[in-house]
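For reference, the structure discussed in these notes is given below.
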Amino acid sequence: MEKQIHITFTQSTIDNLQTYSEILGKDIDSMLHEALEAYFEAQHQKLMQKNQQDDSALTNLDFDEFWSGVDVDEV
C-alpha cells in the first residue's frame, strides 16, 4: 500500500524546477527523484563518517598502547 504525502514548494522553487526542466530537457519528477537520491546518499555518507569518528573516539590507542602490559599465555 502506497502512502501519499503532501509537499509544498515556494514559488521560487517551482520557478527553478520549471526553468531547469526546460534547460535540461528533463521532467520535474525525474529531477526531484535525482535530487532526493543525491540527498539520501550525502546523508548516508555523513552518517557513516560520523559512526566511524564515534568508533575512533572509543578506541584512540595505537596497537602498542593497546597491548602494553598484556601477557598472552600460550596453550
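Where in the chain are there chymotrypsin sites (Phe, Trp or Tyr not before Pro) that are in a DSSP coil and have at most 11 other Cβ atoms within 10 angstrom of their Cβ?
Passing both the DSSP loop test and the Cβ count: Phe9.
What accessible surface, in Å², does a 1.4 Å probe find on Ser21, ignoring ligands, DNA and RNA and rounding to the nearest 10?
Probe radius 1.4 Å; accessible area of Ser21 about 30 Å².
In nanometres, what is the gap between the two model label sites at Ala38 and Glu74, each 7 Å from Cα along Cα-to-Cβ?
Reported label-point gap for Ala38 and Glu74 is 5.9 nm.
Against the longest principal axis of the chain, how steep is helix 11-24, in degrees 0 to 90 to the nearest 10, with axes from Cα atoms?
Roughly 90 degrees between the two axes.
Hand me the GluC sites (Glu not before Pro) from region 15-75 located in a DSSP loop with no more than 14 other Cβ atoms within 10 Å, in residue order please.
In loop regions of region 15-75 (DSSP not H, G, I, E or B), the sparsely surrounded GluC sites (Glu not before Pro) are Glu74.
Multiply the residue gap between Leu17 and Gln53 by 0.36 nm, knock off their C-alpha separation, and tell me the result in nm, one decimal place.
9.3 nm
What's the local net charge at Glu34, with K and R +1, D and E -1, over the other residues with C-beta under 13 Å away?
Every neighbour counted, the sum reads -3.
If you work out Rg and Dmax of the Cα atoms in Å from the coordinates, which of (i) 24.6, 74; (ii) 31.9, 102; (iii) 17.2, 62 do you get?
Checked against the structure: label (i).
Trypsin sites (Lys or Arg not before Pro), restricted to the chain: which are DSSP loop and have at most 16 other Cβ atoms within 10 Å?
Lys3, Lys26
The values are calculated or read from the model by the stated rules, or taken from the named source; none is laboratory data. Note that the structure is a prediction, hence the values are computed from the model and not measured. All Cβ positions, glycine included, derive from the backbone under ideal geometry; neighbour counts span all protein chains shown. What goes into the accessible areas is simple: the full protein's heavy atoms, side chains included, and nothing from ligands, DNA or RNA. Shrake-Rupley method; radii C 1.70, N 1.55, O 1.52, S 1.80 Å.
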